Amino acid sequence: MAFGSQTTNSNDFIRESLLSILRDVSPNTDNYFVSNLGQAPAATNTLHQWTTYNTARPTTVTATIEGAAAAYGDLNSPIRTTNITEIVAEPVRVSGTMRAVATATGEDAYVFQKGQAFKRLKADMEWVTINGSRVSGASGVAGAMSGIDGMISTNVTARASGTSFTEVELNDIMQDSWTQVGAEYVADLIVCPMVISRRISGFTSNLTRFIDAESKRLTNQVRVYDSQVGQTVMIIPHKDVRAAAGTLTVYALREELWKHSFLTGREPSWEELAKEGDPENGQYITEFTVVSFAQLASAKRTGYNAAL
């Protein structure tokens, strides 16, 4: 059976082969960024461009002599930032026979697989939002976006492999953000593997606590941490963040400064495709990119111990 297609050879879906109604326990529904990031203005080209601006704090100040003429230095200008739009698709093919037989869920197999394809599309979008690696999209090669991991370039720290993630480390990563931006833009979200979230929950400073998730648009309570730089941060354990020894990664992000931008007319949608013989064919498809309005506000650290 080809990927994305379904025939009666898919015996696990036929009613008679199951003892109970099918339950979907796939980990494809944990998609924090797809569900919560704001939407930036639409991209009008596959090379999407926007501007950012930052003025560093002075490290010295030269006094002005009384009566002196004004001296004009170079002024900072907005910087043009770019990313590539990426096409993400999840095709579905279901045979006529599969649509005709009685299934475990009691619904049309094509309708069921469309629903599953949409979940997979969201999971695909989530993965590339974090881990996407930029490809320009030369002739014959698919263009690909740079995800959050690749767009953070200023506050990047590689710890020696196996370094323990301590409360000092958490506050240091928050200070990386605080140093680079104004207080109103300091990171407010820690995204990490579950093992790091569990370590944070074990900090003994009594600064970790749970809050009602309603205001955070999640389905469960979420842990927050009152950092020493004065910013309260939400802790999000994430399945798509690297968790292997040597590459384990922790991100500190200012959520409002990260957005999705869809190519004009390419928001997620369902397309019926031409029939090829008996099966019904279609796909969910979208084309989008990640926009960072101030990567300086975010930080990334790698190399932490992957065990508790």
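The values are calculated or read from the model by the stated rules, or taken from the named source; none is laboratory data. All figures in this text were calculated on a predicted structure; none of them were measured in a lab. Here Cβ is always computed from backbone atoms with ideal geometry, including for glycine, and neighbour counts include all displayed protein chains. Note: accessible area is taken over every heavy atom of the protein model, side chains too, but ligands, DNA and RNA are not part of it. Shrake-Rupley method; radii C 1.70, N 1.55, O 1.52, S 1.80 Å.
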Segment 43-144: strands (runs of 3 or more DSSP E) wholly inside it with 1 or more residues that are of a type in the set (D, E, K, R) and open to solvent by 30 Å² or more (accessible area, probe 1.4 Å) are 79-84, 86-94
Picked from segment 130-159 (must be modelled with pLDDT of 95 or more and among the polar types (S, T, N, Q)), the residue nearest to D240 (Cα to Cα) is N131
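Return yes when E16 is at pLDDT 90 or above and acidic (D, E) and no when it is not.
Values: at pLDDT 90 or above: no; acidic (D, E): yes.
So E16 does not fit the description; no.
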Flagged in segment 281-308 as open to solvent by less than 20 Å² (accessible area, probe 1.4 Å) and in a loop (DSSP other than H, G, I, E, B), in numbering order, are S298
Exactly one of V241, V224 is part of a strand (DSSP E or B), crowded, with 16+ Cβ neighbours inside 10 Å and among the β-branched types (V, I, T), and that residue is V224
